[in-house]
Structures are given as C-alpha cells and as structure tokens.
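Just passing along the structure, written as structure tokens.
The values are calculated or read from the model by the stated rules, or taken from the named source; none is laboratory data. Quick caveat, the model's predicted, so the values are computed rather than measured. Because the Cβ atoms are built from the backbone with ideal geometry, glycine has one as well, and the counts that use them run over all protein chains shown.
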Amino acid sequence: MDRETLALADRHFRGLGGGVPGVGQAPGRVAFVSEPGAFSYADFVRGFLLPNLPCVFSSAFTQGWGSRRRWVTPAGRPDFDHLLRTYGDVVVPVANCGVQEYNSNPKEHMPLRDYITYWKEYIEGGYSSPRGCLYLKDWHLCRDFPVEDVFTLPVYFSSDWLNEFWDALDVDDYRFVYAGPAGSWSPFHADIFRSFSWSVNVCGRKKWLLFPPGQEEALRDRHGNLPYDVTSPALCDTHLHPRSQLAGPPLEITQEAGEMVFVPSGWHHQVHNLDDTISINHNWVNGFNLANMWRFLQQELCAVQEEVIMRSCSGINFEEFYHFLKVIAEKRLLVLREAAAEDGAGLGFEQAAFDAGRITEVLASLVAHPSFQRVDTSAFSLRPKELLQQLREAVDAAVAP
Ligand SMILES: O=C(O)CCC(=O)C(=O)O
Ligand SMILES: [Fe+2]
C-alpha cells in the first residue's frame, strides 16, 4: 500500500465511522478487469475494497497457475486421471445438492477416488444418478498438501488476516477447493464472518447471483427466514415472501474458466456450476472488512444470547476474536516499531499502519462491550487495554509527519 492509498483509506473509514461501505448502492453490472499489467493493488483498493463492490478478473491473472496446467485436459475438462493419481486417497467433504438441511446441504466424507468414480458415472448417466447430485465442497487442499504448486496468491488478496492467523497457530485455514458436475450448486448465503471471498475457476464455468448487503432483508419469508434458493418460484408468492417485490434483481456473473471473482463483504450470493467445474475459493478478512466481522459477531451474540452457544454457532466467541486481533496486531506493531519495509503480507509499512488503525478502532469497541468486560483477562499474555494503548501510540507515530 502506498501513502496516497493509506490516506484515502483512512479518510474513508473516518468519514464512515467504520460503517458498512456500499450498503444499498450497487451498479447495474459487475466490472471486468482485463489487464494484469494495468491494474495495481491501489486500483483494487479504490475501485473495489473501499466501496465493497464485486468484480471479475480475466483469465490472464491466473495464466501461470499449476492447477490450471495440471488439473485440466487439453479440452478444458477436469483431468480425472491426474487428480486420481495425485490426490486419490485424500478424504474430502461432499455435499448432496438435492437435500435441503436448513439453508444448506448435508455433507458426508469420502476418498476423492470414490467421488471421482461417482462423478464419471453421473456424466455417463446423462448428468443424473440415483445418488443425487453430489458436490465436493470446502476441501482444504492447502492444509493437506502445503507445498503443492496449485496457485499463486494474487497481490490484491494478499492482506488475508484469517489465514495469517490460522497459519500462525498452525491449526486450520480458509482455503478451499470446490469440484462438481454441471448442475451442482451452492445455496443462498453470505460468507463466514462476513469475510470477502475470491474464487477462480480452474476449469468450467459458474453462474453467480449476487445481492448487495441489506437486499437479503426483502427476500425473507413471512417467518423471517432467508431463502434457500433465490431462483425458486416461491419467491414470487407474495403471501410467502411479502417483501420480495422490493428486492432488486441480483447482479449476475457468468464466470469463465480461469477467471477470478471477487465477492465483497456481506453480499449474499448463490452459485451454480454451468459445466463440470473445479474452483479454488478463499475466504479472507482484513482491515477493510474487519468492522463488518465485528458487527456480525455482535449480532450473533444478540441472536444466541450466550457466548458458549455463540462459539458452537459461529465457530468463534469474543475471547477468540480478541486473540485473533492480538496475533495480527502484534505482527503489525513489530513492523511499525522497526519501521521494517515488509509486513507478513509483504504490503509494507503503510499497510501495517492502516491495519493497526483498523484494529485500534474495533479493539476499542470490543474492550467497551459489556460481554467482553465479563471475560477474565488477568491471565492474558497482553491485557486488551495495554494492547489498545500500544496500538494507539504506534498509529500516532506512524501518521506523524
Ligand atoms: O462455488 C461455489 O459453489 C460457492 C462459492 C462461494 O460461495 C464463495 O466463494 O463464496
Ligand atoms: Fe460464498
């Protein structure tokens, strides 16, 4: 991040007080970025991260990727033989697209070998099977094969605190592979913790239906539940969905092979595979959507009332959220104090100053939250208020002329 972009981002967040950018305003169509050489990180910040708008990057951005070379046949289809040879024994999660369980699909686990056998039979059966339409989802390939040359992280997505945090703890990650036949799909949802996501089709095509934050409210049914499938005719039934006429049409994207979709924070979406498709999808949080994550966690706490239940619903509670902030904050403090040229993500001193500023804002709100004040912090290696003080001093020093 350069100084000019830092100043712009700071002004943006000061003006909005950390609110959800882009609410209620969406352009009629999704921007397409064609030239890697003509599109900088600063361009991405201005055009898409700050206004929280989606975009599609051309396949030129993923040209050299190992997965695009090795997982795909010359005809552009999934190379089942290669996948079997390389990953056949790995156990992968598989969802059944034909069975609705709340607003999701039940999952089972099976060796990739068995899933590929199923997939080939499904194709031979004219895209139908007595087993239904199965979709391999959320396979943590990077965790299973950390040194494999599968993709090169584009600079636009390199400030990725979720994966930086989990990598530091060496426990988990939010990097996934999806693979499924034409017709497999992901029901209507917003991403975990209101994270951003990026998604690249290694082969095949996807249709995306995207709704800007807030639009989902009009799609709720009369019991207040969000739809499972926004293409269902039930949405036109005004008795079932009294406010659906108020919802604008979704932004639609047809994502071609090799193209990369950026899904902004808090945008609900539904995704359909138009061909036999393999994709790489990452969820990520950083200074640009941290306040949305914090707002989401507070809403979750209101919805469940108790932190213990919250952890089982959201996978994280306020104490863990503090730990997440602390891990990232300490790394940024190191960069700011030593005025080192590089932070963990390689985005430099200005990025560290921006990150520290965003954490300061959210940490101040967390520290003041009554539920967090009940947490016993006496055994923490660094007390929240001390961390907040350190951050404030470092941010002041960083922005001083
Ligand atoms: O490709 C899919 O089926 C779902 C992808 C998705 O929801 C995401 O990347 O956020
Ligand atoms: Fe998603």
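Which members of region 160-179 meet the condition of being among the small types (Gly, Ala, Ser) and either on the phi > 0 side of the Ramachandran plot or at pLDDT below 95 (or both)?
ALA168
Hey, another quick one. Restricting the search to region 1-45, which residues are surrounded by 16 or more Cβ atoms within 10 Å (Cβ to Cβ) and at pLDDT below 85?
GLY18, VAL20, PRO21, GLY22, ALA26
Then there's this: Working only within region 170-203, note down all residues that are surrounded by fewer than 23 Cβ atoms within 10 Å (Cβ to Cβ) and assigned to a loop (DSSP other than H, G, I, E, B).
Matches in region 170-203: ASP170, VAL171, ASP172, ASP173, TYR174, ALA182, GLY183, ALA190, ASP191.
Additional query: Kindly indicate which of ASP191, ASP160, ASP173 is in contact with a Cys (Cβ under 7 Å, 6 or more places away or on another chain) and within 30 Å of GLY348 (Cα to Cα).
ASP173
Is it true that some residue in region 278-290 is in contact with a helix residue (DSSP H, G or I) (Cβ under 7 Å, 6 or more places away or on another chain), within 16 Å of ligand 2 (Cβ to nearest atom), in a helix (DSSP H, G or I) and not basic (Lys, Arg)?
no
Something else about it: What pairs come out if I take residues in region 183-200 that are free of Cβ contacts under 8 Å to residues at least 40 places away in the same chain and within 10 Å of ligand 2 (Cβ to nearest atom) and pair them with residues that are among the aromatic types (Phe, Trp, Tyr) and in a loop (DSSP other than H, G, I, E, B) whose C-beta lies under 7 Å away, six or more apart or interchain?
Short answer, once both residue conditions are applied: none.
Which residue, of PRO264, PRO227, is farther than 27 Å from ASP43 by Cβ, within 16 Å of ligand 2 (Cβ to nearest atom) and modelled with pLDDT of 95 or more?
After applying the criteria, what remains is PRO227.
Collect the residues in region 25-53 that are in contact (Cβ under 8 Å) with a residue 40 or more places away in the chain, assigned to a helix (DSSP H, G or I) and touching a helix residue (DSSP H, G or I) at 6+ places or on another chain (Cβ under 6 Å), keeping them in residue-number order.
TYR41, ALA42, PHE44, VAL45, listed by residue number.
Does at least one position in region 135-148 carry a residue that is assigned by TED's automatic domain parsing to the domain that holds VAL45, crowded, with 19+ Cβ neighbours inside 10 Å, within 12 Å of ligand 1 (Cβ to nearest atom) and not in a strand (DSSP E or B)?
No, because not a single residue in region 135-148 is assigned by TED's automatic domain parsing to the domain that holds VAL45, crowded, with 19+ Cβ neighbours inside 10 Å, within 12 Å of ligand 1 (Cβ to nearest atom) and not in a strand (DSSP E or B).
In addition: Do we have GLN215 as surrounded by 14 or more Cβ atoms within 10 Å (Cβ to Cβ) and either away from ligand 1 (no atom under 16 Å from the Cβ) or outside the structural domain of PHE57 (by TED's automatic domain parsing) (or both) here?
Criteria met by GLN215.
Can you spot a residue in region 209-217 that is within 28 Å of LEU83 (Cα to Cα), in contact with an Asp or Glu (Cβ under 9 Å, 6 or more places away or on another chain), of a type in the set (A, V, I, L, M, F, W, C) and not in a loop (DSSP other than H, G, I, E, B)?
No: zero hits.
For LEU391, work out the one condition from (1) surrounded by fewer than 20 Cβ atoms within 10 Å (Cβ to Cβ); (2) more than 18 Å from THR5 (Cβ to Cβ) it doesn't fulfil.
It fails just one condition, (1).
Only one of (1) in contact with a helix residue (DSSP H, G or I) (Cβ under 9 Å, 6 or more places away or on another chain); (2) over 23 Å from GLY183 (Cα atoms); (3) assigned to a helix (DSSP H, G or I) fails for ASP167. Which number is that?
(1)
Quick grid of which residues meet (1) over 26 Å from ARG392 (Cβ atoms); (2) modelled with pLDDT of 95 or more:
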residue	(1), (2)
THR277	yes, yes
ASN289	no, yes
ASN292	no, yes
GLU306	yes, no
LYS326	no, yes
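A further question follows. Among the candidates THR238, THR231, THR254, THR277, which residue alone is buried (at least 17 other Cβ atoms within 10 Å of the Cβ) and either within 16 Å of ligand 1 (Cβ to nearest atom) or without any contact (Cβ under 8 Å) to a residue 40 or more places away in the chain (or both)?
Selected residue: THR277, the only one of THR238, THR231, THR254, THR277 that is buried (at least 17 other Cβ atoms within 10 Å of the Cβ) and either within 16 Å of ligand 1 (Cβ to nearest atom) or without any contact (Cβ under 8 Å) to a residue 40 or more places away in the chain (or both).
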